[in-house]
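Asker: Let me begin by handing over the structure; questions about it come next.
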Amino acid sequence: MTNTVIITGSGSGIGAATARRFSSDGWNVTLNGRTRAKLEKVAEDLNPDRTLIVDGDVSNANDVSRLISETVKRFGGLDTLVNNAGVGKMGPLDKLSREDWNAVLDINVTGLYNTCTEALEHLRASRGCIINVSSVSGLGGDWGMFGYNTSKGAVSNFTRALALDLGREGIRVNAVAPTFTLTEMTKGMKDNSELLKRFKARIPMGRPAQPEEIASVIAFLAGPDAGFVNGVVMPVDGGLSASNGQPDLSG
């Protein structure tokens, strides 16, 4: 039987690359996001017989209920849930508005609660897995990004705690923690040559990640080769987190 995956936030970037990877690996793929036109564009690259579009907002419980039910109705079950939907709102404490704070937590954190609780019975039936997209910003702090850091820190510990609760049921829960990745969300950073230069200087591999490189790790975590991997928040960061933060003194 063909495996089935739901990928939230799959209209662009890491989500779209992940959808293409799973589809090329022969999976049924449900695309989810708030903008249907973007999902339809991604779907053009996928096998139409194994692709479903369910637009909606993961912070809305009714939208999530529809996402899960339509996926199970179309494909007969659910094997993997990839929680990729996320937003980033920047600013220090006295600059980030309450509206932006709520938006970040509603989508980045409450969205995970909504999708995981709604998908749980189906993942129990398949002994499936959950893969969350955290960030290196969920492993340590950034200047001027306390709201995003808070949300991604929650994603990382949500992953660990859920892995403990669900592991004995055969449901694995893991996360990836990318660094700066060339996506629509980071376009402003990519177009800032000075900022890009500073990122390249900090990342040991000397470049940002491509969305496909994150997608490949997500695919690994969903596959049988990761059958005993549970509760891991895996940095996919070109070696960034290997540093203790001190400057390069090698010459």
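Asker: Name the pairs whose Cβ atoms lie under 7 Å apart, with the first residue in the stretch 72-95 and more than 30 Å from residue 149 (Cβ to Cβ), the second small (Gly, Ala, Ser) and in a helix (DSSP H, G or I), and 6 or more positions between them or separate chains?
Answerer: The qualifying pairs are 77/125; 77/126; 78/119; 78/126; 79/126.
Asker: Hey, another quick one. Checking the conditions here, which among 225, 248, 165, 237 is out of contact with any strand residue (DSSP E or B) (no Cβ under 6 Å at 6 or more places or on another chain) and modelled with pLDDT under 90? I'd like the intermediate steps shown before the answer.
Answerer: Values: 225 fails: modelled with pLDDT under 90; 165 fails: modelled with pLDDT under 90; 237 fails: modelled with pLDDT under 90.
Going through 225, 248, 165, 237 in turn, just one is out of contact with any strand residue (DSSP E or B) (no Cβ under 6 Å at 6 or more places or on another chain) and modelled with pLDDT under 90: 248.
Asker: When you scan the stretch 61-87, how many residues do you find that are in a loop (DSSP other than H, G, I, E, B) and either of a type in the set (Ser, Thr, Tyr) or in contact with a Lys or Arg (Cβ under 9 Å, 6 or more places away or on another chain) (or both)? First the steps, then the outcome.
Answerer: Step one: filter the stretch 61-87 for residues in a loop (DSSP other than H, G, I, E, B), giving 76-79, 84-87.
Remaining after also requiring either of a type in the set (Ser, Thr, Tyr) or in contact with a Lys or Arg (Cβ under 9 Å, 6 or more places away or on another chain) (or both): 79, 85-86.
Of the residues in the stretch 61-87, 3 are in a loop (DSSP other than H, G, I, E, B) and either of a type in the set (Ser, Thr, Tyr) or in contact with a Lys or Arg (Cβ under 9 Å, 6 or more places away or on another chain) (or both).
Asker: Of all residues in the stretch 128-149 being of a type in the set (S, T, N, Q) and under 30 Å from residue 168 (Cβ atoms), which is modelled with the lowest pLDDT? Can you show your working first?
Answerer: Here is the first cut: in the stretch 128-149, the ones of a type in the set (S, T, N, Q) are 132, 134-135, 137, 149.
Pick out the ones that are also under 30 Å from residue 168 (Cβ atoms) and you get 132, 134-135.
Details: 132: 98, 134: 97, 135: 94.
Out of the qualifying residues, it is 135.
Asker: Any residue in the stretch 22-46 that is at pLDDT 95 or above and hydroxyl-bearing (Ser, Thr, Tyr) sitting within a Cβ distance under 6 Å of a residue that is crowded, with 24+ Cβ neighbours inside 10 Å and assigned to a loop (DSSP other than H, G, I, E, B)? List the pairs, counting only those 6 or more apart or interchain.
Answerer: Matching pairs, first to second residue: 35/11.
Asker: When you scan the stretch 24-55, how many residues do you find that are in a helix (DSSP H, G or I), under 20 Å from residue 184 (Cβ atoms) and not aliphatic (A, V, I, L, M)?
Answerer: 4
Asker: Of the numbered conditions (1) free of Cβ contacts under 8 Å to residues at least 24 places away in the same chain; (2) closer than 24 Å to residue 211 by Cβ; (3) part of a helix (DSSP H, G or I), residue 142 fails exactly one; give the number of that condition.
Answerer: With respect to (1) free of Cβ contacts under 8 Å to residues at least 24 places away in the same chain; (2) closer than 24 Å to residue 211 by Cβ; (3) part of a helix (DSSP H, G or I), residue 142 is out only on (3).
The values are calculated or read from the model by the stated rules, or taken from the named source; none is laboratory data. What you see is a predicted model; the values in this text were computed from it and never measured. Cβ coordinates were reconstructed from backbone atoms using ideal geometry, including for glycine residues, and neighbour counts include every protein chain displayed.
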